[in-house]
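Just so it is clear, none of the values below were taken in a lab; they were calculated from the coordinates. On a predicted model such as this, the values are computed, not experimentally measured, just so you know. Every residue, glycine among them, receives a Cβ derived from its backbone with ideal geometry; neighbour counts consider all protein chains shown.
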């Protein structure tokens, strides 16, 4: 059996901003059982599950590396808005808004699980996240994406009204299967 090792992957991170709410919201797809539920005190194991299932392919590792205390301190705040997408009764994605920043709301995490992609839901789901962000009446809504994210992420953010404002280069240290499993399967 081959030993899996983590890698260091250079990525370009693009920071985007939206300064006015969009004039148009994509419609809810027809003939689908879709629910979007706001969480309260999301269990840490469920948040890690969502982050792993949505972000595994895209190397979302930072949130999975947090210990329980760090993760709970960030998530279990009154000013955190986390909503879970369900498709045909099963979890299919989530978004996570940081609403405590001065004059801005950050779309910190947004994504769908692989079984939900390619079904015309993504544009509506992003529109719902943007609408939720603007409901806090910030001066701007921010998001960032990187070259490890879905290839259509940057263009979708731009189509929905975000504009790039900066870029930087960072390194991501991937997680091995054992590291990822230990994070997601914590007692």
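Numbers for the structure displayed
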{"item": "Highest-first arrangement of 63-72, 18-27, 138-147, where packing means the average Cβ count within 10 Å", "result": "138-147, 63-72, 18-27"}
{"item": "Cα gyration tensor shape for the range 38-96, rounded if a/c is under 1.5, else prolate or oblate", "result": "oblate"}
{"item": "Whether the range 48-133 is rounded, prolate or oblate, judged on the alpha carbon gyration tensor where a/c under 1.5 counts as rounded", "result": "oblate"}
{"item": "Measure of compaction for the range 1-70 (Cα Rg per 2.2 N^0.38 Å)", "result": "1.61"}
{"item": "Rounded to 10°, Cα long-axis angle of helix 122-134 versus longest principal axis of the chain", "result": "70"}
{"item": "Relative contact order %, the range 40-129, counting alpha carbon pairs below 8 Å whose residues are six or more apart", "result": "21"}
{"item": "Structure-based [θ]222 nm, the chain - -39500 (n - 2.57) summed over DSSP H runs of at least 4, per residue, nearest 500", "result": "-7500 deg cm²/dmol"}
{"item": "Peptide ranges 5-16, 94-105 listed from the most packed, as the mean C-beta count within 10 angstrom indicates", "result": "94-105, 5-16"}
{"item": "Contour minus Cα-Cα distance for residue 57 and residue 19 (0.36 nm per residue)", "result": "10.6 nm"}
